[in-house]
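The values are calculated or read from the model by the stated rules, or taken from the named source; none is laboratory data. Bear in mind that the values here come from a model prediction, so they are computed numbers and not experimental data. Please note: Cβ atoms are built from the backbone with ideal geometry, for glycine as well, and neighbour counts cover all protein chains shown. With ligands, DNA and RNA removed, areas are computed over all heavy atoms of the protein, side chains included. Shrake-Rupley method; radii C 1.70, N 1.55, O 1.52, S 1.80 Å.
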Amino acid sequence: MANLTNINNKFLVQTGGNVGIGSTSPTSPLVVVGTGVGSSGTIGIQGANAHVGFKNSSGTFRSWVGHFNAAGHGSDADLNLKTGYGSVGNIRFSADGDTTAAQMFLQGSTGNVGIGTTSPNAFSNQTSLTINGTNNGRLDLKVGNAQKGAVIASANEMILDAGASPMQFYTGSTLHMLINTSGNVGIGTTSPSY
């Protein structure tokens, strides 16, 4: 059977089944070539519960991305990325192709998150964030894009860095201890002299 095309070769179905929209040589089951529109993209999907579902090779539904107006899925203003249907799944985020297994990892069975690891720490009745670096693990805290503090771990030490500000220790809204920028420690005072 010959390829099926419409006028001006805007739509093509190859004899092998590949479909091209804006392409005359689709190399995948569906290839779309075109300039997207900011408000609707290159491919538009519209509906009350507009989403794309994914099945494994045996046809078992596993995950979906899109919006779905229902309890547990939010509204049509929320983007859902969901997996774990039929078996526990994880969500992997990578921006380096296949160089790493995942730069950020959401573990489906626990809700634990790993950055730089696909094995986030697990503790009973707790949800954890594990940051793993080659030489250091670091969490930076900024306000108005200005660095205000950091938590840093290396092979031999753990550092709490308050930057150019005093380090303060609270319970609730009550200040109990302060280390000022000179290294003086105050307990019960905010102006320690030594």
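Stokes-Einstein, applied to the Kirkwood radius of the chain over Cα pairs at a viscosity of 1.306 mPa s and 10 °C, places its translational diffusion at 71 µm² s⁻¹.
With the cut-off at 1.5 for a/c, could you classify the range 127-194 from its C-alpha gyration tensor as rounded, prolate or oblate?
Values: a/c = 1.95, a/b = 1.84, b/c = 1.06.
Prolate shape, in that a/c is at least 1.5 and a/b is the bigger ratio.
Using the Cβ-Cβ distance between K148 and D78 with R0 set to 22 Å, the FRET efficiency from 1/(1 + (r/R0)^6) comes to roughly 0.15. Per-peptide packing, taken as the mean over residues of other Cβ atoms within 10 Å, places 87-97, 52-62 in the sequence 87-97, 52-62 from highest down.
Considering only protein heavy atoms and a 1.4 Å probe, what is the carbon-and-sulfur percentage of the accessible area of the chain? Display every interim value, and only then the final one.
Working: 7180 of 13600 Å².
Carbon plus sulfur share of accessible area: 53 percent.
Once Rh is set to the Kirkwood radius over Cα pairs, what Stokes-Einstein translational diffusion coefficient, in µm²/s, holds for the range 17-75 at a temperature of 20 °C and a viscosity of 1.002 mPa s? Present the calculation step by step, with values, prior to reporting the outcome.
Values: Rh = 13.9 Å.
In µm²/s, the coefficient rounds to 154.
Compared with the alpha-carbon gap, the fully stretched path from S128 to N184 is longer by 16.9 nm at 0.36 nm per residue. Take 22-29, 115-122 and order them by the average number of nearby Cβ atoms within 10 Å per residue, most first; the result is 115-122, 22-29. Mind checking the log10 I(q)/I(0) for the range 38-146 at q = 0.11, 0.13, 0.14 Å⁻¹? Debye, one equal scatterer per Cα, no solvent, two decimals. Computed log10 I(q)/I(0) values: -0.52, -0.71, -0.81.
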